[in-house]
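Each remark here refers to the structure printed beneath this line.
The numbers here are math on the coordinates, done by the rules we state, and not lab data. Because the structure is a prediction, the values reported are computed rather than measured. Every residue, glycine among them, receives a Cβ derived from its backbone with ideal geometry; neighbour counts consider all protein chains shown.
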Amino acid sequence: MTAAPRKRLSPEESRDAALEAARALLLEAGPQAVTLKAVAARIGRTHANLLHHFGSAAGLQKALAANIACGVTSKISAAVMRARAGDHDDHEVVNLTFDAFDKGGAGALASWMILTGNQDALDPILEAIHGLMDELAEGHDDKTHSLHEETLQLVLMAVGDALLGAPMARALGLPRDKARQMAVAQLSRTMAEHHGDMEKPQ
């Protein structure tokens, strides 16, 4: 019995399939499992094919980081914009951010890249967050510095929770979602201040 012919994919489809497989490996087995060989095997492509698209394992990691960052920031942006428009849900903003770094694998991927010396691969995440801040600050120049501080705090809390949240909560006798609760409380205070400032007469 002959094997079915392998479907020809466009370069874009092949690259997207590789990133989807890389993300699945990240979530299933951790960042150390995201190798060119493993991704190639999962999508039925050759190692050479993936080298053509990404150049190296580091290039694959960087592309995966960019893919994750793009999806994360677009969701956070939409949630924040809804909150600003009055459809206010601080829990949604916090949960999207925390889930991205925990369930989405961004925290583990970022820490792995730092430990293996591939810090350049973090650039897409940092650039995406910077772009998100520019978008959220548009028309609110006086709030830009505050937004940057709030984002720094939220992202650091999300990364820390993804990597150490569970054992730290157990050790301190706190609920597992305590860090999320703290982040929601902080964001609620910030949003209240923001709306208060908007309502002040100019």
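So the values come out like this:
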item: Residues whose placed amide H lies under 5 Å from that of residue 116, excluding near-sequence neighbours; result: none
item: Packing-based ranking, highest mean first, of 99-107, 10-18 given that Cβ atoms within 10 Å are counted; result: 99-107, 10-18
